[in-house]
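No value in this document is a laboratory result; all are computed from the given coordinates. Nothing here was measured: the structure is a model prediction, and the numbers come from that model. All Cβ positions, glycine included, derive from the backbone under ideal geometry; neighbour counts span all protein chains shown.
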Amino acid sequence: MSGGVQKHTILARVGHWSMASAILIMIGSGWRIYDNVPILPFQFPYWITLGGDKNLATVTSNDWGTGNAIAWHFAGMWLLLFGFSMLLLNGVITGHLRRDWLPVSPRAFWRDFVAAAKFKLDHKLGQYNAVQKVFYWGAVFCIAMMFISGLAIYKPVQLGWLTWLFGGFPDARIVHFVFMSLIVGFLCVHVALVALVPETLRAMILGRAGHEEPSAPPMPQSEVAQ
């Protein structure tokens, strides 16, 4: 990795950590909801789900914490919308989306992807390569699809047309699960890259990381005259 400086405004940092917290809440609570009526032949371990103590919930509400998990899920949803709004506002005000996430082309993505696969892709703080741009846009798309499919699951009667677009209630649950899985994969890659370049974490916490590259010294007047 070469030098560079990475800066994040307070809006970006609040939005980022709000969305990170919200996604973790929604994944944990979503796994508890899933375990109540699995759509695939497996269940998630109880200890990695969110919804309160299973035994206590069984006594008080006659379920395994599904009601609590649904409450957590909706709380996470509102936090997610808040964080996304902060990031979007920051992107519009500072020009971050236009400047750092665009443009991106299939040729540029393939070039940087091949370089990354060969461990030859140079990274400079504050600059986004084509692979990062595509992954971030992909994460936004996955979050949007999770939200839309979640609405189809939550209101299958009132939003019957939306549920129909997903192929029905069971298929909407599958779509929701698939995009959740993609987000989990994105988080794993994201955390691994942060571990490789810890300065990015420092920037997201403190607002700034890295160092300015020293500028070239001015040329002597005698050389300029020549």
Practice problem: Take the Cα pairs of region 1-112, get the Kirkwood Rh, then feed it into Stokes-Einstein at 20 °C and 1.002 mPa s and tell me D in µm²/s. | Solution: 128
Practice problem: Sort CYS142, CYS188 so that the residue with the fewest other Cβ atoms within 10 Å of its own Cβ comes first and the one with the most comes last. | Solution: CYS188, CYS142
Practice problem: Pick out, from MET146, ILE205, GLY65, the residue whose Cα sits farthest towards the positive end of the charge dipole of the chain, with +1 on the Cβ of Lys and Arg and -1 on the Cβ of Asp and Glu. | Solution: MET146
Quiz item: Using the alpha-carbon centroid of each, what span in Å lies between region 86-135 and region 145-161?
Solution: 32
Quiz item: Taking square-rooted eigenvalues a ≥ b ≥ c of the alpha carbon gyration tensor, is region 100-143 rounded, prolate or oblate, where a/c under 1.5 means rounded and, failing that, a/b exceeding b/c means prolate?
Solution: prolate
Quiz item: Anyone know which of GLY30, GLY15, GLY52 comes out most mobile in the 10 Å Cα GNM of the chain?
Solution: GLY52
Quiz item: Rg and Dmax of the chain over Cα atoms: what are they, in angstrom?
Solution: 22.3, 90
Quiz item: Dipole magnitude of the chain about its Cα centre, charges +1 at Lys/Arg Cβ and -1 at Asp/Glu Cβ only, in debye to the nearest 20?
Solution: 240
Quiz item: If you project the alpha carbons of region 57-100 onto their three principal axes, what span does each projection cover, largest first, in Å?
Solution: 54, 13, 7
Quiz item: Order of LEU196, LEU182 from fewest to most other C-beta atoms within 10 Å?
Solution: LEU196, LEU182
